[in-house]
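Report on the following structure.
The values are calculated or read from the model by the stated rules, or taken from the named source; none is laboratory data. Every value quoted in this text rests on a predicted model; they were computed, and no experiment measured them. Note: ideal-geometry Cβ built from the backbone for every residue, glycine included; neighbour counts use all protein chains shown.
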Amino acid sequence: MQQRHSPFDIGRIAGLSPAQERERGEAGSPCGACSVRHLTFCAPLGEEEFDHVTRIVQNVELHPGDPLFDEGEEATHLYSVTAGAVKVYKLLPDGRRQIIGFLFAGDFLGLAADESYAYSAEAVTHASLCRFPRRKLEALLERFPRMERRLLGMASHELAVAQEQMLLLGRKTAREKIASFLLTLGQRSAYRGQAANPVSVPMSRNDIGDYLGLTTETVSRTFTQLRQSGLIALLPAGRVELLEIDALRSIAEGS
């Protein structure tokens, strides 16, 4: 594919298990049982287009902490998350880590303007992903414009998310950042057809800090303050109940 596809690399999209060919469902398609197809770039595809995609896809399973790829590694594959959570990050010159995003079911990653990945990716939870050979997928994008348009739309959305993160890092207080983060997680859960409240927060306090530009101690203290104020409740299994959504929105907006 030609350089014209470089806008897809927006700098955000966070031991790799051996790829396995996906089992074929009743309809003969390895993707026939996919429950998140409506969220992925496959959503608008017709049967002919979808059939070509299923011929090149492989399944990858990751355990928490497993790396998917490293920054600077040759970008030979692209990925679509089908379950679980993945974090993407960059290592700063001073050795610190800046998490630039958390990806969930339906999110796409690995798009690159050149031959190498612009960031590293690692599983937050047990995660399942579809893996596509980059050259073969690029050939399909050339052949089927609807796939290309879908990816462009997803890239545009990720650009908006990246711009929102810049606002979080640059102008908001710790309290405003955490409130914004929780509300955004709820919105993303609703988009995936899951419960928006309680919010699933599978990442560690350290990961949240590396995403929002806060220390782990500040993240923990802010969660405690919001809980003591009656705005949230901390539930088992990494869930957070938003008790006063309007108040949290006001905090997030700095009002």
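One line per residue, one yes/no per condition, for (1) surrounded by 17 or more Cβ atoms within 10 Å (Cβ to Cβ); (2) modelled with pLDDT under 75:
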| position | (1), (2) |
| --- | --- |
| S6 | no, yes |
| A33 | no, yes |
| R37 | yes, no |
| F41 | yes, yes |
| L45 | yes, yes |
| V57 | yes, no |
| H63 | no, no |
| D70 | no, no |
| G101 | yes, no |
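Using the structure shown, decide if E48 is among the acidic types (D, E) and either part of a loop (DSSP other than H, G, I, E, B) or more than 23 Å from G193 (Cβ to Cβ) (or both).
So E48 fits the description; yes.
When V53, V88, V124, V60 are checked against the criterion of being β-branched (V, I, T), farther than 21 Å from S189 by Cα and within 16 Å of the chain's Cα centre (by Cα), V60 stands alone in meeting it.
Please find, among A190, A195, the residue that is under 20 Å from the mean Cα position of the chain (by Cα) and assigned to a helix (DSSP H, G or I).
The conditions single out A190.
Of all residues in the range 225-245, those satisfying the criterion of being over 26 Å from the mean Cα position of the chain (by Cα) and in a helix (DSSP H, G or I) are Q225, R227, Q228.
Only one residue in V81, V88 is over 19 Å from I56 (Cα atoms) and in a strand (DSSP E or B), so which one is that?
So the residue among V81, V88 that is over 19 Å from I56 (Cα atoms) and in a strand (DSSP E or B) is V88.
Just give me the residues in the range 184-198 being modelled with pLDDT under 95 and either in the same structural domain as G101 (by TED's automatic domain parsing) or closer than 14 Å to I245 by Cβ (or both), in sequence order. Selection gives T184, L185, G186, Q187, S189, A190, A195, A196.
Here is the figure for the range 81-109: residues that are over 19 Å from V36 (Cα atoms) and either touching a His at 6+ places or on another chain (Cβ under 6 Å) or of a type in the set (F, W, Y) (or both) total 1.
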